[in-house]
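> Below you'll find the structure I mean.
The values are calculated or read from the model by the stated rules, or taken from the named source; none is laboratory data. Note that the structure is a prediction, hence the values are computed from the model and not measured. Cβ atoms come from the backbone with ideal geometry, glycine included; neighbour counts cover every protein chain shown. Side chains are part of the model used for accessible areas, which takes the heavy atoms of the whole protein and leaves out ligands, DNA and RNA. Shrake-Rupley method; radii C 1.70, N 1.55, O 1.52, S 1.80 Å.
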Amino acid sequence: RDRFEQAKDGYKVRIAEGCLSKCTYCMIREATGLLSSKSIDNIISQIEEGVKQEEKTIMLMAGDTGAYGKDIGTNFATLLGEIVKLEGDFQIYIHDFGVNWLINRLPSYLKVFEEAEMRERIGGVTLPIQSGSNNVLQLMRRRYNKEDTISALKAIKNYSFDIGTHIMVGFPGEMEKDFDDTLNLLGEVDF
């Protein structure tokens, strides 16, 4: 098992409920409502509790971790900046970080990822891109395109953490060329 799969068995901290997206295939927003982020203090307390229990992996979870804080006047990069200040022997794994947030705030994330302490602290990130086809991304109502996705993912490939993704194939309206575009993106980014 890779490190990210092992982290799924680790200590989980839910940083938010709900979602801000309106993807055509997803019911998360219908089931959980709009984004409702927990305070940074609440999240830090939960992580400290996990560290006190000698947990080595802390999984940050939400319907879209990248949207964190938009409803309470903060953002995920700020949260990561606070997490890196914590003492202890643990790594952070980030689950379901919407790639649109990485694209839109890339300089902020590159600044956070550049910190020496953060390089040691983050073990892995899952960025669900769903497709490498602009046609399918539009059908899905995803808020990014393959070109920006490739550029942002290449920008963070130099860091030591693992990068994973989620892919959907056979989406209604997907053609063979769309599938090939996804395969090409996967080859170019090398998750």
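> Taking Rh as the Kirkwood radius, which is the inverse of the mean 1/r over Cα pairs, what is the Rg/Rh value for the stretch 8-79?
Radius of gyration over Kirkwood radius for the stretch 8-79 works out to 1.01.
> Quick one: Cα centre-to-centre distance for the stretch 147-180 and the stretch 5-38, in angstrom?
First find each Cα centre; the distance between them is then 20 Å.
> So, one more: Label-point separation (nm) for Y159 and R14, each offset 7 Å from Cα along Cα-to-Cβ?
Going by the 7 Å Cα→Cβ label model, 2.5 nm.
> Could I ask something else about it? Per residue, how much accessible surface does the chain expose to a 1.4 Å probe? Answer in Å², no decimals.
50 Å²
> Write down Rg/Rh for the chain, rounded to two decimals, with Rg from the C-alpha atoms and Rh from the Kirkwood relation over Cα pairs.
0.96
> Separate question: Tell me, what is the percent relative contact order of the chain, built from C-alpha pairs under 8 Å that lie six or more residues apart?
19 percent
> Here's a follow-up. For the Cα atoms of the chain, what angle does the longest principal axis make with the long axis of helix 146-156, in degrees from 0 to 90, nearest 10?
With rounding to tens, the tilt is 30 degrees.
> Also, I was wondering about something else. Using Cα springs under 10 Å in a Gaussian network model of the chain, which residue among A16, A67, A31 shows the largest mean-square fluctuation?
Top of the fluctuation ranking is A31.
> To the nearest 10 square angstrom, how much accessible area does K146 have with a 1.4 angstrom probe?
Ignoring ligands and nucleic acids, K146 comes out at about 50 Å².
> Right, another one. If you roll a 1.4 Å probe over the chain with all protein chains in place, what percent of the accessible area is carbon or sulfur?
48 percent
> Lysines near K154 by alpha-carbon distance under 18 Å, same-chain residues fewer than 8 away left out - which ones?
K111, K146
> Report, to the nearest 10°, how far helix 40-52 tilts away from the longest principal axis of the Cα atoms in the chain, using its own Cα long axis and a range of 0 to 90°.
That works out to roughly 70 degrees.
> For E120 and V169 in one chain, what is 0.36 nm times their gap in residues minus the Cα-Cα distance, to one decimal in nm?
In short, 14.2 nm is gained.
> In addition: Just to verify a number: what accessible area does R142 come out at with the full protein assembly present, 1.4 Å probe, Å² rounded to tens?
Probe radius 1.4 Å; accessible area of R142 about 40 Å².
> Still on this model: Note down the accessible area of M168, probe 1.4 Å, to the nearest 10 Å².
Ignoring ligands and nucleic acids, M168 comes out at about 60 Å².
> Please turn the phi angles of the stretch 98-106 into ³J(HN,Hα) values with the Karplus equation 6.51 cos²θ - 1.76 cosθ + 1.60 (θ = phi - 60°), one per residue in order, whole Hz, x for glycine and proline.
For the stretch 98-106, the Karplus curve yields x, 4, 4, 5, 4, 4, 6, 10, 3 Hz.
> Which is the longest part of the chain that has none of the GluC sites (Glu not before Pro) sitting in a DSSP loop with at most 15 other Cβ atoms within 10 Å?
Counting at most 15 other Cβ atoms within 10 Å as exposed, the longest clean stretch of the chain is 116-191.
> What list of ³J(HN,Hα) couplings, whole Hz, do you get for the stretch 66-74 from phi and the Karplus terms 6.51, -1.76, 1.60, once you set θ to phi - 60° and write x for glycine and proline?
Working through the residues one at a time gives x, 7, 3, x, 4, 8, 10, x, 9 Hz.
> So who's got an amide H within less than 5 Å of the one on G69, skipping anything under 5 residues away but keeping other chains? H placed 1.01 Å off N, in plane.
Sorted by chain and number, the residues that satisfy this are S37.
> Taking Cβ-Cβ under 4.7 Å as the only way to count a partner, pick out the unpartnered cysteines of the chain.
C19
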